[in-house]
Amino acid sequence: MFRLRLKARKDSKSVKEEREMNKLFKNRSGQNTVEYLLMLAVIVGVVLLTGAAIKKFMPGLFESISKMISDASGQLASDK
């Protein structure tokens, strides 16, 4: 009953404003955009951390692979 009295006192401008606010709260596209941006930020962070970790170990890895290839080719040459 109290609500009915409040609604009766509202003018048409405030009713229109209330409807617009309801539309804004029901529209979730902005929320989805924020969620996608947060996911993108997490992915970029993981990629950067992974890149930093790989950069630390890459020189040793390439040297190890180069040595293995040289040793294997040396063994093949000595077997002939």
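The values are calculated or read from the model by the stated rules, or taken from the named source; none is laboratory data. This structure is a prediction, so every number in the text was calculated from the model and none was measured. Virtual Cβ from ideal backbone geometry, glycine too; neighbours counted across all protein chains shown.
The table below gives the values:
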{"quantity": "Elements of type helices (runs of 4 or more DSSP H) contained in the chain, each with 3 or more residues being surrounded by 10 or more Cβ atoms within 10 Å (Cβ to Cβ) and either under 24 Å from the mean Cα position of the chain (by Cα) or at pLDDT 85 or above (or both)", "calculated": "29-79"}
{"quantity": "Every pair of residues 6+ apart whose Cβ atoms lie under 6 Å, when the first sits in the range 21-42 and is on the phi < 0 side of the Ramachandran plot while the second is at pLDDT below 80 and among the hydrophobic types (A, V, I, L, M, F, W, C)", "calculated": "none"}
